[in-house]
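The values are calculated or read from the model by the stated rules, or taken from the named source; none is laboratory data. Because the structure is a prediction, the values reported are computed rather than measured. Backbone-built Cβ (ideal geometry, glycine too); neighbour counts: all protein chains shown.
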Amino acid sequence: MKRLYILLFGALLLTGCSKKVLFDEQHDFANHTWNRFTPEVFNIDVDNVEDYYNIDLTIAVDTLLYNQAVLPLTVNLYSPNGDRRMFYSSIALKKNGRWQGTDQQGIRVVTERIRAFFSFNNEGSHRLEIGQATSKYDLRGMVSLNAYVERAKLDYDDL
């Protein structure tokens with residue numbers, strides 16, 4: 001009987017604890033250039049539509065080639081059944097004239113949460129397309145873009 005309780009407790013732990021990180025992938029830009037009409041595409045497999053997620057983007061920028069304070073973005077999320085959810089976002093590279101993030105040998109790395117407590121409508125493979133929304137055809141100075149999706153922590157302490 002004791003073994004049965006231990007087995008049931010172990011099974012409960014395994015099924016009740018879903019992974020925290022859903023997706024983490026980096027794309028490097030060829031020649032440090034991001035074309036306006038070539039979005040970065042990430043494929044995210046979603047197995048639980050009941051949970052909420054945070055979506056973070058990390059951009060690595062060569063500040064000698066791109067020195068603007070903000071990087072405007074378009075975000076399109078396509079579900080397995082073809083639905084499209086679209087929104088605009090941006091990454092604040094500078095605040096009050098000062099670079100954000102960390103400096104890694106002349107490359108500025110900045111992480112911004114573009115969506116908090118986001119829910120997916122369907123299970124399956126979703127296509128996340130991130131496009132640069134500047135007026136420039138080719139945006140120079142873009143080194144890499146990382147998309148990171150993690151399960152959101154619900155905190156009811158402040159309610």
Could you tell me whether any residue of segment 73-91 is of a type outside the set (S, T, N, Q) and touching a residue at least 60 places away in the same chain (Cβ under 8 Å)?
-> yes
Residue that is farthest from GLN26 (Cα to Cα) [pool: residues in segment 118-159 that are outside any loop (DSSP other than H, G, I, E, B) and of a type in the set (A, V, I, L, M)] = LEU139
Give the number of residues within segment 45-71 that are farther than 24 Å from ALA152 by Cα and not aliphatic (A, V, I, L, M).
-> 5
Could you please give the count of residues in segment 88-111 that are surrounded by 12 or more Cβ atoms within 10 Å (Cβ to Cβ), under 15 Å from the mean Cα position of the chain (by Cα) and not small (Gly, Ala, Ser)?
-> 4
Read through the list (1) at pLDDT 95 or above; (2) crowded, with 16+ Cβ neighbours inside 10 Å, then give the number of the only condition that ALA152 fails.
-> (1)
